[in-house]
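Structure in structure tokens, see below.
Derivation of every value follows stated rules applied to the coordinates shown; laboratory data play no part. Since the structure is predicted, the reported quantities are computational estimates derived from the model, not experimental observations.
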Amino acid sequence: MFVTDSERTSSGPCSHRATLTLPAREAHVSAARHFTADLLECWSVPESERDSAVLIVDELTANAAQYGRECMTLVLALDHDALYIVVSDSGTAVERGPHDVAPDEHGRGTGIVTYLAQSTEVHQTCSGREVRACLRCSA
């Protein structure tokens, strides 16, 4: 596990950034969730926004653990009125499952993220996949 946290002063509110790198395994999803909850509490993010962020992190890291091969990296960046959540992994593009799979079994995670986040983006990079979510935040 590798963690960094930095704080910088800019014009306006203080900005924060933290990075957590873990093996891409389901067993580490809860560590990412707890890291996010604890860190956002330290950053004075209101509880309702913190809960939404933790749920987004849970869904994105669960996907990274399922589809990533080696490691997954979580970046949290709080800047003014937005929290940026970025999860990257070493996986390849996700193939869509058969259409006859019940929605209760797979596929709700990205819908939850899209619902909670102000915006989302998915990028395939040379080293894997990166998913970005932006959450409005009043911290």
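Quote to one decimal, in nm, the extra length available between Thr19 and Cys42 on full extension: 0.36 nm per residue of separation minus the C-alpha distance between them. Let's see the in-between values first.
On the way: separation 23, 0.36 × 23 = 8.28 nm, distance 1.49 nm.
Full-extension gain reported as 6.8 nm.
Using θ = phi - 60° and the Karplus curve 6.51 cos²θ - 1.76 cosθ + 1.60, what whole-Hz ³J(HN,Hα) does each residue of the stretch 22-32 get, with Gly and Pro shown as x?
Each residue of the stretch 22-32 in turn: 9, x, 7, 9, 4, 4, 9, 4, 5, 5, 5 Hz.
Kindly write out, for the stretch 111-127 in residue order, the coupling ³J(HN,Hα) from the Karplus curve 6.51 cos²θ - 1.76 cosθ + 1.60 (θ = phi - 60°), rounded to whole Hz, with x marking Gly and Pro.
Each residue of the stretch 111-127 in turn: x, 5, 4, 4, 5, 7, 8, 5, 8, 9, 9, 10, 10, 8, 10, 5, 9 Hz.
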